[in-house]
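Input: a single structure, listed below in structure tokens.
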Amino acid sequence: MSDFLRPFLRFVPVSGLATLIDFGTSYWVLQSLEFSYALATVTGNVIGGIAGFILSRNWVFRESKSQNQSYQIIKYGLVSVGNSLMNTSGVWILSKMITLDYLIIRTLVGTFVFVVYSYGLNRWFVFNTKNHEKNN
């Protein structure tokens, strides 16, 4: 299996699980704690992001475990901030433009951000051993 395909096939279920944690947290704080859409989205992103980092480092990009974890956390944090900003602004914009259920909007925005942004930056920026070796 190719060096691209193997981690991608691992990244999909890990991202799915992190997304379930993200969405579940978002929905729970929206309904139970009555957070705003934006704050619920940010809260879910943070909790889902923590789960995603742990699973990505330990299973998806296993070869990157030899890298400095603090360095990866910083890079992952930068990617996650961008991810959260795109998800939050996308949810906010779509919820103002169209009348759909919150979870449908979150799914549409989250899928777009995953396909366009998440995998590439995690693979080639956060967990790239060659990139890391150049910076040390």
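Observations on the structure shown:
Matching residues to (1) part of a helix (DSSP H, G or I); (2) under 13 Å from the mean Cα position of the chain (by Cα):
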| residue | (1), (2) |
| --- | --- |
| VAL81 | yes, yes |
| LEU85 | yes, yes |
| TRP92 | yes, no |
| THR99 | no, no |
| VAL113 | yes, yes |
| ASN122 | yes, yes |
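- Check on THR88, open to solvent by 20 Å² or more (accessible area, probe 1.4 Å), out of contact with any Cys (no Cβ under 7 Å at 6 or more places or on another chain) and more than 22 Å from PRO7 (Cβ to Cβ): yes
- Residues that are free of Cβ contacts under 8 Å to residues at least 40 places away in the same chain and under 14 Å from ARG106 (Cβ atoms) within region 17-35 comprise ALA18, LEU20, ILE21, GLY24, THR25, TRP28, VAL29, GLN31, PHE35, listed in sequence order.
- Residues that are without any contact (Cβ under 8 Å) to a residue 60 or more places away in the chain and over 27 Å from TRP92 (Cα atoms), drawn from region 36-71: ILE54, LEU55, ASN58, TRP59, ARG62, LYS65, GLN69, SER70
- Tally of residues being in a helix (DSSP H, G or I) and either touching an Asp or Glu at 6+ places or on another chain (Cβ under 7 Å) or open to solvent by 70 Å² or more (accessible area, probe 1.4 Å) (or both) across region 57-70: 8
- Residues satisfying the stated conditions in region 91-112, i.e. under 18 Å from THR25 (Cα atoms) and either polar (S, T, N, Q) or open to solvent by less than 80 Å² (accessible area, probe 1.4 Å) (or both): VAL91, TYR102, LEU103, ILE105, ARG106, THR107, VAL109, GLY110, THR111
- Residues within region 65-76 that are under 22 Å from VAL46 (Cβ atoms) and of a type in the set (S, T, N, Q), tallied: 3
- Index of the failed condition, PRO7 passing every other in (1) open to solvent by 30 Å² or more (accessible area, probe 1.4 Å); (2) at pLDDT below 90; (3) part of a helix (DSSP H, G or I); (4) not small (Gly, Ala, Ser): (1)
- Filtered by the rule that a residue be open to solvent by less than 50 Å² (accessible area, probe 1.4 Å), among the aliphatic types (A, V, I, L, M) and at pLDDT 90 or above, region 10-48 gives VAL14, ALA18, VAL29, LEU30, ALA40.
The values are calculated or read from the model by the stated rules, or taken from the named source; none is laboratory data. Predicted model, so just to flag it, every value in this text is computed and none were measured. So basically every Cβ, Gly included, is an ideal-geometry build from the backbone, and we count neighbours across all protein chains shown. These area figures cover heavy atoms from the full protein model, side chains too; ligands, DNA and RNA do not enter into them. Shrake-Rupley method; radii C 1.70, N 1.55, O 1.52, S 1.80 Å.
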